[in-house]
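The values are calculated or read from the model by the stated rules, or taken from the named source; none is laboratory data. Keep in mind that this is a model prediction, so the values were computed, not measured. Note: ideal-geometry Cβ built from the backbone for every residue, glycine included; neighbour counts use all protein chains shown.
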Amino acid sequence: SSCADNANVVPLLRAYAGTGQDHFYTTNSSEMNAALLTTYSFEGDAAFVWSTQEASTVPLYRLFNQNVNDHFYTIDANESNVALSLGYAFDTDSHIAGYLYPYSICGASPVYRLYSSSSTDHFYTMSQTESASSAPGYIVEGIVGF
């Protein structure tokens, strides 16, 4: 497999709305700034993704369920279809938050997905420490991509 150009990697910005118990991620600083004018607080860079499709990368789909106020991100089209059947909808015109490797290649680090059933919130991080010592109530669901 060929490696994507790391010069085109961008931060996946993370914010959290404590009132709505939702983590939100975007590569778009204007979109993040708009979210920060509402109930979201900036939490820093959650991960690094490619902003355009590169060699060996796949789309990271971005969905949102307004009934439970939860953003959901996946590279798995089947998982995306299941989420759509459960009331999620694509959250952006492009449906895509960025691009990741689907498996561990080129020295890429994993992006972990955690979930809290009590607050219906998905949480994403590249930090092994953060995923291991996750907030009470969150369980590690696995690796989203690399």
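For this structure, a couple of remarks:
- Failed item in (1) of a type in the set (Gly, Ala, Ser); (2) farther than 20 Å from Phe146 by Cβ; (3) in a strand (DSSP E or B), with Ala47 passing the rest: (2)
- Of the residues making up segment 85-136, just one is more than 14 Å from the chain's Cα centre (by Cα), in a strand (DSSP E or B) and modelled with pLDDT under 95, namely Ser116.
- Residue check for Val82: surrounded by fewer than 17 Cβ atoms within 10 Å (Cβ to Cβ), more than 25 Å from Asp5 (Cβ to Cβ) and touching a helix residue (DSSP H, G or I) at 6+ places or on another chain (Cβ under 8 Å): no
- Among the residues of segment 69-84, the one identified as in contact with an Asp or Glu (Cβ under 9 Å, 6 or more places away or on another chain) and assigned to a loop (DSSP other than H, G, I, E, B) is Asn69.
- Segment 123-142 residues that are on the phi > 0 side of the Ramachandran plot and touching a residue at least 12 places away in the same chain (Cβ under 8 Å), paired with ones that are of a type outside the set (D, E, K, R) and in a loop (DSSP other than H, G, I, E, B) (beta carbon under 7 Å, 6 or more apart): Gly137/Ser118; Gly137/Ser119
- Looking across segment 21-34, the residues that are crowded, with 17+ Cβ neighbours inside 10 Å and either more than 13 Å from the chain's Cα centre (by Cα) or of a type in the set (Ser, Thr, Tyr) (or both) come down to Tyr25, Thr26, Thr27, Met32.
- The C-beta contact set for segment 64-93 (first residue within 20 Å of Ser116 (Cα to Cα), second residue loosely packed, with under 12 Cβ neighbours inside 10 Å and not hydroxyl-bearing (Ser, Thr, Tyr), distance under 6 angstrom, 6+ apart or interchain) comprises Gly87/Asn67.
- Any hit, segment 55-62, residues being more than 13 Å from the chain's Cα centre (by Cα), closer than 21 Å to Tyr115 by Cα and assigned to a strand (DSSP E or B): no
- The lone exception for His95 - which of (1) on the phi < 0 side of the Ramachandran plot; (2) surrounded by 14 or more Cβ atoms within 10 Å (Cβ to Cβ) it fails: (1)
- Looking only at segment 18-42, and only at residues there that are among the small types (Gly, Ala, Ser) and not in a helix (DSSP H, G or I), the one that is modelled with the highest pLDDT: Ser41
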